[in-house]
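The next block holds one structure in the form of structure tokens; read it before the comments.
The values are calculated or read from the model by the stated rules, or taken from the named source; none is laboratory data. All figures in this text were calculated on a predicted structure; none of them were measured in a lab. So basically every Cβ, Gly included, is an ideal-geometry build from the backbone, and we count neighbours across all protein chains shown.
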Amino acid sequence: MTTPGPGEGYTLSGVFTTIASAVPDNVVMVQGERRQTYAQTDAHIDAVAHFLVERGLGCHTERHDLEGHESGQDHVGLYLRNCPEYLEGMVAAFRARTVPVNINYRYVTEELRYLLHDSGVKALIYGAEFAGEVAALRDELPALTTLIQVPDGSGNALLPGAVEYGDVLQTPCPPQGMPTPQGEDAYVLYTGGTTGMPKGVLWRQHDIYVSSMGGTPFGATEPFASYEAIAEHARSGGSKVTLLMTPPMMHGAAQWSGFHIMTGGGTLVLLANTQRLDPVEALTLIGKEGVVSLPVVGDAIALPIIEEVERAQAAGQPYDLSSLASVNNGSAALTPAVKSRIFKALPNVIVLDVVGASETGMQMSSFAFNGAEGDAATFAAQPDTAVVDDGFTRLLDPGEGGGWLARKQTVPMGYLGDPEKTARTFPLIDGVRWAIPGDRAEILDDGRIVLLGRDSVTINTGGEKVFVEEVERALIHHPAVRDAIVVGRPSTRWGNEVVAVVALDEEATDESLLAEAAKHLARYKLPKEFIRVPAVVRSPSGKADYRWAKSVATT
């Protein structure tokens with residue numbers, strides 16, 4: 001493929017085909033006994049795309065005739081746990097000029113109903129284990145006309161009118177031919193909904209690829225100049241990496257890191273146990289497959305893995321982790337205490353912290369090494385990132401203090417179906433469009449940025465703002481605290497008061513928990529109550545479920 005023309009840009013389908021042509025025999029995915037090459041996977045993608053086009057799905061309104069909150073393409077839901085079919089279905093949707101929609105497989109009926117209605121999916125690729133949930137809602141969704149069921153060992157029968165995924169893979173190219181994807185075709189990422197109802201963030205494929213999915217080589221400031229440059233990058237083998245895909249592929253961070261690895265012609269290793277994170281399986285696979293990169297989503301994923309590393313080392317039966325070079329963290333805080341345990345158990349690894357959101361893509365990053373852990377939640381700002389004032393009127397200079405974390409240039413078009421929220425989140429400042437999704441931040445004297453936390457879960461108590469992530473980081477320092485979520489609760493005295501929902505590995509008094517937190521926090525930030533639970537509820541990606549925590553704190 002040649003250099004994209006003016007206004008076209010890269011497409012995610014075109015990127016995958018380019019890599020598959022460059023390194024057809026490289027293994028792109030491993031799961032259990034399944035090993036698929038790029039060429040095999042690209043052939044599967046072709047067949048699924050043929051099927052979608054044959055069903056009449058595609059693009060009906062070009063981007064230039066749409067507002068930022070509008071989609072002119074048909075939407076294809078992906079209701080799957082991690083499996084090769086997820087990647088195939090996603091890229092096939094792009095190839096058919098439709099838009100894949102990520103669906104949280106943990107949603108209950110009410111949440112699933114909302115998402116399917118809000119996204120307006122016309123086709124659904126779903127795991128057989130979810131056949132019952134699909135059957136319960138299909139009559140409420142007249143637009144949903146195409147069902148593709150993926151066998152998964154659950155034993156559920158094929159739903160009436162659905163097509164088995166294996167049969168879809170036999171679909172030839174339709175007589176009318178295939179559409180030509182455009183760089184302005186949409187990429188949609190539904191937010192997690194841990195603080196409110198999920199919203200679909202609309203990106204141009206070109207923009208999300210060059211900002212967050214490998215289109216700009218690591219360490220570079222300019223994206224690849226052409227498809228041929230991408231092909232040569234993959235052929236060279238210099239960036240060929242094996243990554244253990246621990247987060248669910250429905251999560252943006254997993255999709256972004258996956259495309260980063262594939263742009264270098266690398267391999268994604270998927271856990272065979274998709275029901276829960278199995279640290280033993282994860283660590284065994286690192287040695288077996290020569291995994292170089294391990295993505296985690298905060299302590300929720302990192303902690304059980306490092307605990308198993310410590311257990312095995314103490315027992316004199318350490319895992320073979322000689323290939324592991326980096327632990328890459330994003331989307332949730334990796335606390336200093338857990339980071340220190342990683343360096344103690346694995347002194348030669350690098351920990352990469354990445355800041356990003358559905359509305360900004362990958363935005364900031366920082367490296368930490370054994371003996372040089374750095375400051376918590378503190379990052380060097382890249383040229384397209386800034387802190388803006390509370391009124392969204394200007395950029396703050398170094399040393400001016402707190403405001404809103406923002407990004408310009410390659411940012412989303414808007415929120416699907418929501419022009420008002422689109423206007424609020426993507427304002428113009430001095431004629432430049434910025435993405436400001438709601439993260440509070442502080443710019444230091446040296447220009448570095450301290451990430452404080454999402455404003456939607458900030459607690460206003462007694463006239464002071466408390467950022468819950470800061471309190472959570474402080475509590476995790478206590479050796480008895482396994483996990484913690486902090487929320488606000490109505491208070492007649494304070495307006496709102498700080499409440500900590502904690503899961504403990506051993507008994508600990510409120511006094512000892514407060515004493516530890518007081519080492520790191522001002523007095524007004526300390527929790528007024530500790531609520532003990534067997535386990536903290538998080539999303540499959542490891543993000544804190546603040547709606548659940550608030551219900552626990554107020555009942």
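General observations
- Residue under evaluation E464, criteria (1) of a type outside the set (S, T, N, Q); (2) closer than 26 Å to Y105 by Cα; (3) surrounded by fewer than 16 Cβ atoms within 10 Å (Cβ to Cβ); (4) modelled with pLDDT under 85, criterion not met: (2)
- Looking only at the stretch 499-515, and only at residues there that are of a type in the set (D, E) and assigned to a helix (DSSP H, G or I), the one that is surrounded by the most Cβ atoms within 10 Å (Cβ to Cβ): D510
So that you can scan it fast, the table gives a plain yes or no per residue for (1) of a type in the set (G, A, S); (2) at pLDDT below 95:
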site: L147; (1), (2): no, no
site: P151; (1), (2): no, no
site: L158; (1), (2): no, no
site: G161; (1), (2): yes, no
site: Y165; (1), (2): no, no
site: P172; (1), (2): no, no
site: M178; (1), (2): no, no
site: V188; (1), (2): no, no
site: T191; (1), (2): no, yes
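- Here the stretch 74-111 is the region considered, the condition is being among the hydroxyl-bearing types (S, T, Y) and assigned to a loop (DSSP other than H, G, I, E, B), and the residue that is farthest from the chain's Cα centre (by Cα) is T98.
- Cβ-Cβ distances below 9 Å connect the following pairs, each with a first residue in the stretch 267-287 that is farther than 18 Å from S322 by Cα, a second residue that is part of a strand (DSSP E or B) and of a type in the set (K, R), and a separation of six or more residues or different chains: L270/R34.
To keep it simple, each residue is scored yes or no on (1) within 13 Å of A186 (Cβ to Cβ); (2) crowded, with 24+ Cβ neighbours inside 10 Å.
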residue: L52; (1), (2): no, yes
residue: L66; (1), (2): yes, no
residue: F94; (1), (2): yes, yes
residue: S119; (1), (2): yes, no
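- Of everything in the stretch 336-394 that is without any contact (Cβ under 8 Å) to a residue 24 or more places away in the chain, in a loop (DSSP other than H, G, I, E, B) and polar (S, T, N, Q), the residue that is surrounded by the fewest Cβ atoms within 10 Å (Cβ to Cβ) is N348.
- The numbered conditions (1) part of a loop (DSSP other than H, G, I, E, B); (2) at pLDDT 90 or above are all true for P540 except (2).
- Residue in the stretch 432-443 that is of a type outside the set (A, V, I, L, M), at pLDDT 90 or above, surrounded by fewer than 20 Cβ atoms within 10 Å (Cβ to Cβ) and at positive phi present: no
- In the stretch 483-530, residue modelled with the highest pLDDT [restricted to those that are of a type in the set (V, I, T) and more than 19 Å from F467 (Cβ to Cβ)]: T509
- Taking the conditions (1) of a type in the set (A, V, I, L, M); (2) out of contact with any helix residue (DSSP H, G or I) (no Cβ under 8 Å at 6 or more places or on another chain); (3) over 22 Å from R106 (Cα atoms) in turn, I301 satisfies each one other than (3).
- Of all residues in the stretch 313-332, those being assigned to a loop (DSSP other than H, G, I, E, B) and at pLDDT 90 or above number 11.
- Residues in the stretch 357-379 that are modelled with pLDDT of 85 or more, small (G, A, S) and at negative phi: A357, S358, S365, S366, A368.
- Screening T335 on (1) modelled with pLDDT under 85; (2) under 27 Å from T216 (Cα atoms) shows it passes everything except condition (2).
- Within the stretch 468-498, being buried (at least 22 other Cβ atoms within 10 Å of the Cβ), touching a Leu at 6+ places or on another chain (Cβ under 9 Å) and outside any helix (DSSP H, G or I) holds for V481, D483, A484, V486, V498.
- Looking across the stretch 279-306, just one residue is in a loop (DSSP other than H, G, I, E, B), among the hydrophobic types (A, V, I, L, M, F, W, C) and within 19 Å of the chain's Cα centre (by Cα), and that is V297.
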